[in-house]
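The values are calculated or read from the model by the stated rules, or taken from the named source; none is laboratory data. Note that the structure is a prediction, hence the values are computed from the model and not measured. Here the Cβ is made from the backbone with ideal geometry for all residues, glycine too, and neighbour counts use every protein chain on show.
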Amino acid sequence: MKQELLGGNPLIIVVKEDSSGMYSVVNHKAPPDGDEGALWLKILVPNKYLINMYSNETRKELIEKINSEKISS
């Protein structure tokens, strides 16, 4: 089976911690399509994370990790 790294859609997951320290997903938010999605991300995601999301270096590291996992499996 051939695996490829394709683009993905970001998703913000809202979690809540209960009294025993367990987390539950209580909501999620997905950006709208098109140009509105980019604005949505700028509003909701802190800039330090946006920089990493759009970084070519981050993509290279992810591709290398995926390729190394293919070799070892």
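Some values worked out for this structure:
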item: Residue satisfying condition, being modelled with pLDDT of 75 or more and exposed (fewer than 10 other Cβ atoms within 10 Å of the Cβ), within set SER68, SER24, SER73; result: SER24
item: Residues of the range 7-36 satisfying the condition of being out of contact with any strand residue (DSSP E or B) (no Cβ under 6 Å at 6 or more places or on another chain) and touching a residue at least 24 places away in the same chain (Cβ under 8 Å); result: PRO10
item: Matching option when the condition is basic (Lys, Arg), modelled with pLDDT of 75 or more and exposed (fewer than 11 other Cβ atoms within 10 Å of the Cβ), among LYS29, LYS16; result: LYS16
